[in-house]
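The values are calculated or read from the model by the stated rules, or taken from the named source; none is laboratory data. These numbers come from a predicted model, not from an experiment. Using ideal geometry, Cβ is built from the backbone for each residue, glycine included, and neighbour counts are taken over all protein chains shown. Heads up: the accessible areas ignore ligands, DNA and RNA and are worked out on the full protein's heavy atoms, side chains in. Shrake-Rupley method; radii C 1.70, N 1.55, O 1.52, S 1.80 Å.
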Amino acid sequence: MKYHLECTNCGSIFESDYASQVCLKCSGILEVVYDGRMPKIGSINYFWDMEKAMPSGRYTHFYLGNTPSIKSKDRGNLRLKLEFLNPTHSFKDRGSAIEVAKAAEYGFKEVACASTGNMAYSITYYAKLYGLKAKVFISDNANEDKINDIKSVGDADVHKVDGDFTKAQGMALEYSKKRNVFLCGDYCYRKEGQKTIAYEICNSGTAPENIIVPVGNATLLSATYKALTEMKKSGSIKSMPRIMAVQSDKCKPLVDAYSSGSKIKYRKPMTSADAIAVGYPTYGEQGIEAIRKTNGKAVSVSEDSLRREQKRFLKDYGLVAELASVSTIAAFDKLKLKGSTVAVITGSNV
Ligand code: F0G
């Protein structure tokens, strides 16, 4: 779909040949704005069936997405969308498949990103597929398994930062500017790729009443809202699901801002759910709007409940899910949701 880019901070407009994901004038984050009416997407059997809802680009059709949504064994109205069945075992591949393709299309030879682990693994993987180099800045809380996964792809230059994700994000931005490298991460093209989870959840118009997503940078949260809005406008779904957002009690800048009605403030991440240890979510304000506009809720869950649900998940399904992922199941219980609900189980890299 034809598009242009708009800065969410200063309102500057860029054409689609603008080869960056941050604003030239103020370094604000950009948003993909489509130039026509979003088409109705029919039945989805394959990730690239949703290409019509993506920024026009030169994408290689690698296989990903189209993950199963299984019935929970013990919670009647709950389904679990198994995103760890993506190529690098997290939902991140959906965004990487879009943004790394864009980097290649613009002629870059290298991409850079900050990450708590999963996004770097995914970007490194797609960079390799597109023949690009990857420089990744990993926060100091990342688990060694994730760092080994990144290295196993080969060619990645892994820089472990002496600090958290927010520090790593600053370093990746700096590096990309100095070296003229395409900055990847939680930015506009990833957001477009992450929309596909909601498209699949509402495949053929079957929208649940609630969708629960974990929050780190809130890209998935704001992408989910964007996708639902597009589907509602195009008539693909009749009613909007409510979006529920979950963080850990030990890292909840979005939940705090939502509850107090104030702007998001940085909070030092103390959670052992390393994937969502993000002190200042890039898409936080957009994420809060997504919750409010859909009459959803933001909730935090205890670290104990994460560990309990992780063990239970392995026992019930014989599958490993990481702590960040099972936060959505803990949130389902805490919110006592009655209507049909899909919890996104985002990753399994532990
Ligand atoms: N679940 C998993 C497994 C993640 O890896 C992340 C984010 C999230 C949930 C939260 O998604 O950021 O869109 O709100 N991981 C990032 C990373 C921060 O670097 O891998 P979000």
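Points worth noting:
- Any hit, the range 6-25, residues being part of a helix (DSSP H, G or I), in contact (Cβ under 8 Å) with a residue 12 or more places away in the chain and in contact with a helix residue (DSSP H, G or I) (Cβ under 9 Å, 6 or more places away or on another chain): no
Yes/no per residue for (1) more than 16 Å from the ligand (Cβ to nearest atom); (2) at pLDDT below 95; (3) in contact with a strand residue (DSSP E or B) (Cβ under 6 Å, 6 or more places away or on another chain):
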residue: ASP256; (1), (2), (3): no, no, no
residue: GLY279; (1), (2), (3): no, no, no
residue: ARG307; (1), (2), (3): no, no, no
residue: GLN310; (1), (2), (3): no, no, no
residue: TYR317; (1), (2), (3): yes, no, no
residue: THR328; (1), (2), (3): no, no, yes
residue: ALA331; (1), (2), (3): no, no, yes
residue: GLY347; (1), (2), (3): no, no, yes
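- Counting the residues of the range 182-234 that are more than 25 Å from ALA277 (Cβ to Cβ) and open to solvent by 10 Å² or more (accessible area, probe 1.4 Å) gives 14.
- Filtered residues of the range 143-190 (kept if over 30 Å from ASN9 (Cα atoms) and touching a residue at least 40 places away in the same chain (Cβ under 8 Å)): ASN143, ASP145, LYS146, ASP149
- Annotation: THR124 fulfils all but one of (1) farther than 30 Å from LEU78 by Cα; (2) surrounded by fewer than 18 Cβ atoms within 10 Å (Cβ to Cβ); (3) in contact with a strand residue (DSSP E or B) (Cβ under 7 Å, 6 or more places away or on another chain); (4) not hydrophobic (A, V, I, L, M, F, W, C); the unmet one is (2).
- Restricting the range 69-88 to residues that are in a loop (DSSP other than H, G, I, E, B) and under 15 Å from PHE47 (Cα atoms) leaves a set whose member that is most open to solvent (accessible area, probe 1.4 Å) is PRO87.
- Unique residue being within 11 Å of the ligand (Cβ to nearest atom), touching a helix residue (DSSP H, G or I) at 6+ places or on another chain (Cβ under 7 Å), of a type in the set (A, V, I, L, M) and assigned to a strand (DSSP E or B) when the list is VAL158, VAL213: VAL213
- Look at the range 211-225: where a residue is assigned by TED's automatic domain parsing to the domain that holds ALA273 and modelled with pLDDT of 95 or more and a partner is near the ligand (Cβ under 6 Å from one of its atoms) and of a type in the set (S, T, N, Q), sitting 6+ places away or on another chain with Cβ atoms under 8 Å, you get VAL213/THR346; PRO214/SER325; PRO214/THR346; GLY216/THR116; LEU220/THR346.
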